[in-house]
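Data block below; observations after.
Where a number appears in this text, it was derived from the coordinates with a stated rule and is not lab data. Just so it is clear, the model here is predicted, and its values are computed rather than measured. Cβ: placed from backbone, ideal geometry, glycine included. Neighbour counts: every protein chain shown.
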């Protein structure tokens, strides 16, 4: 199986799991059949891959000014779009879509962390910027600017 297809299937399964959990715990989000759920999660993934980046680029100035809140609104709009396009998937209101988008994002992050997937990584390095250019505490002499953490 090609690695790209495997990555796509993994993301789809994670998104489907997150949508199931959200539909189970949120009163404003539900689905009629399992096929509707799979179709909604597939469409949600496709819209997040293609439509969401365009909307985020358009909303970039507002996102900077309002500290990221437009991203949450875009998530809600994507959820309402899925509600509109999939007849068996129901999101009752904008606020249900808003909180469903937040919860799906949070659940997906934790499931991906648990599965150990993704290409993101956090690397912390200690670098002493004092005279001498050595690594670690005490390398070189003089008073430097102190330790630096590169992320």
* Fewest first, what order do 81, 15 take by the number of other Cβ atoms within 10 Å? -> 81, 15
* Mind giving me the FRET efficiency for residue 84 and residue 56? R0 is 25 Å, r the Cβ-Cβ distance, nearest 0.05 is fine. => 0.80
* Surface/4 estimate of mean projected area, convex hull on alpha-carbon atoms of the stretch 3-120, nm² -> 7.6 nm²
* Asked: Counting other C-beta atoms within 10 Å, which of 12, 95 has the fewest, and how do the rest follow?
  -> 95, 12
* Between residue 49 and residue 92, what length in nm is gained on full extension when 0.36 nm per residue of separation is reduced by their alpha carbon distance? -> 13.1 nm
* 108, 41, 93 arranged by Cβ crowding within 10 Å, fewest neighbours leading -> 93, 108, 41
